[in-house]
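Asks: Dropping the structure in here first, questions after.
The values are calculated or read from the model by the stated rules, or taken from the named source; none is laboratory data. As the structure is a computational prediction, the values presented were derived from the model and not from experiment. Every residue, glycine among them, receives a Cβ derived from its backbone with ideal geometry; neighbour counts consider all protein chains shown. Quick note on the areas: whole protein, heavy atoms, side chains included, nothing else; ligands and nucleic acids left out. Shrake-Rupley method; radii C 1.70, N 1.55, O 1.52, S 1.80 Å.
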Amino acid sequence: MKNKKIYIAGHRGMVGSAIKHKLEQEGYKNLVFRTSAELNLTNQQSTDEFFASETPDIVIIAAARVGGILANDKYPYPFLYDNLQIQNNLINASHKQNAEKVIFLGSSCIYPKLADQPLKEEYLLTGPLEPTNQWYAVAKIAGIKLIEALRRQHNRNYVSLMPTNLYGPRDNFDLETSHVLPAMIRKFDDARENGHTPVPLWGSGKPMREFLYVEDLADAVLFAMENNLEQSLYNIGTGKDITIKELAETVQKITGHEGEITWDSSKPDGTPRKLMDVSRMKNEGWSYSTDLEEGIRNTYRWFLEHRESIKEVKM
Ligand SMILES: NC(=O)c1ccc[n+]([C@@H]2O[C@H](COP(=O)([O-])OP(=O)(O)OC[C@H]3O[C@@H](n4cnc5c(N)ncnc54)[C@H](OP(=O)(O)O)[C@@H]3O)[C@@H](O)[C@H]2O)c1
C-alpha cells in the first residue's frame, strides 16, 4: 500500500496540505502533486495528459474554488463552472486511467437549507439549498453523483467525503474571502494588537455551527484510502455544534482579547443550524480526535508564526 502512487490535487490548499503532511507522516513516499500554475485542472486536455503520463493508483480531490459567503455571493459563475470542470476532469481521467481509488471531497452545504438536523447522507436532494452558496453546492452534488454512477456502472471503489466546516493551519485568513473561524482569529488578533479595540462581527451570533480540525479530516481521508467503505457518501464531522457567539467568546479567550464584541445584525446569518450526522463513518470505524478549543489553539499558534506573511497577502 505504501508504494502506491498517490496524486493529491490541491496539495497546497488548507485541506490538501494537511493530507500531504499526514501521508508523509504515515510513510507514504510515492506522492505526486502539481500547483494550479503547473496544471490548470479546469483544462481537460492538460488533465488527461497528466494522468496519461503519471497514471496514479489513488487520487485525492482536494482542489476546488473555495470561499466564504461573501465570495460565493459575489462570484457565482466561477464557483459553479470551475468546480464542475475540476471535478469532472479529475474523476473522468481517473476512471479512464483505471485509478483504483478516488476520494472526492465536498462539503456540508450540499444539504437542503431547512433539512432536519443532524444532517443525514440520505437527505441529499430532498429540498432547496442555501441560496448564498448554491453554485458551489450544485457543483459538489454533481461530483457526488459522478462517483456514485461509477460505483454502480463500473464497480469503481471511489468514495465521496463531505466534511463539515474545516479550520486549521494554512487556512485562508483574508477578511474578504475567508470562512468565519479564520476571520475571527484575524479580527481578534488585530484588535488585541491595537489595544483591545471592539470587534465587530456579522449577524446575530445565534446560528449554530460544527467545526472539524483539518488534521482530523486528513486522518479520515487516510482511513478511507486504507479501507474499502461500503457506501458512496460519508459525512465527516464531530457531530457537535456551538453558537457563533460561543465560538467568538472561545476565540476571544484564546487570542487574549479583552475588549468588546459587537454584533451587526444587518449582515446575513446564513443557515440557522448545520450539524452533520456522523454515525455512518463511525460505524465504519472512524471518528474525530481534536476538540475545538485544542484545534483553535493550534491554529492560532500557526497564525502567530505566519502572521507577517498572512498580512501581506492581498486576494
Ligand atoms: N475550507 C473548508 O472549510 C472546507 C470545508 C469542507 C470541505 N472543504 C473541501 O476541501 C477542498 C479543499 O478546500 P481548501 O479549504 O483546502 O481550499 P484552498 O485552501 O482554497 O485550496 C484549494 C486548492 O485547490 C487548488 N486549485 C484551485 N483551482 C485550481 C485549478 N483550476 N487547477 C488546479 N488546482 C486548483 C489550489 O491550487 P494552488 O494552491 O496551486 O493555486 C489550492 O491548492 C474543497 O473541495 C472543499 O470543498 C473545505
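Asks: Give the number of residues within region 151-182 that are touching a helix residue (DSSP H, G or I) at 6+ places or on another chain (Cβ under 6 Å), more than 11 Å from the ligand (Cβ to nearest atom) and either under 25 Å from Asp277 (Cβ atoms) or charged (D, E, K, R) (or both).
Replies: Here the count works out to 3.
Asks: Another question, if that's okay. Restricting to region 53-89, and then to whatever is more than 11 Å from the ligand (Cβ to nearest atom) and closer than 18 Å to Asn30 by Cβ, can you tell me which residue is most open to solvent (accessible area, probe 1.4 Å)?
Replies: In this case the residue turns out to be Ser53.
Asks: Please indicate, with yes or no, whether at least one residue in region 152-168 is open to solvent by 10 Å² or more (accessible area, probe 1.4 Å) and either within 23 Å of Asn40 (Cβ to Cβ) or among the small types (Gly, Ala, Ser) (or both).
Replies: Within region 152-168 (the criterion being open to solvent by 10 Å² or more (accessible area, probe 1.4 Å) and either within 23 Å of Asn40 (Cβ to Cβ) or among the small types (Gly, Ala, Ser) (or both)), the answer is no, since none of the residues qualifies.
Asks: Another one. Against the condition basic (Lys, Arg), without any contact (Cβ under 8 Å) to a residue 40 or more places away in the chain, outside any helix (DSSP H, G or I) and away from the ligand (no atom under 13 Å from the Cβ), how does Lys4 come out, does it pass?
Replies: Numbers: basic (Lys, Arg): yes; without any contact (Cβ under 8 Å) to a residue 40 or more places away in the chain: no; outside any helix (DSSP H, G or I): yes; away from the ligand (no atom under 13 Å from the Cβ): yes.
Taking the combined requirement at face value, the residue does not satisfy it.
Results for (1) of a type in the set (Val, Ile, Thr); (2) within 16 Å of the ligand (Cβ to nearest atom); (3) not in a strand (DSSP E or B), shown as yes or no for each residue.
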position: Glu215; (1), (2), (3): no, yes, yes
position: Glu230; (1), (2), (3): no, no, yes
position: Trp263; (1), (2), (3): no, no, no
position: Ser289; (1), (2), (3): no, no, yes
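Asks: Mind listing whichever residues of region 134-150 are open to solvent by 30 Å² or more (accessible area, probe 1.4 Å) and within 15 Å of the ligand (Cβ to nearest atom)?
Replies: Residues of region 134-150 open to solvent by 30 Å² or more (accessible area, probe 1.4 Å): 134-135, 138, 142, 145-146, 148-149.
Selection gives Gln134, Trp135, Val138, Ala142, Leu146.
Asks: I would also like to ask the following. Out of region 114-130, which residues are over 13 Å from Leu275 (Cα atoms) and open to solvent by 70 Å² or more (accessible area, probe 1.4 Å)?
Replies: Residues of region 114-130 that are over 13 Å from Leu275 (Cα atoms), as a first pass: 122, 124-130.
Residues satisfying the conditions are Glu122, Leu125, Thr126, Pro128.
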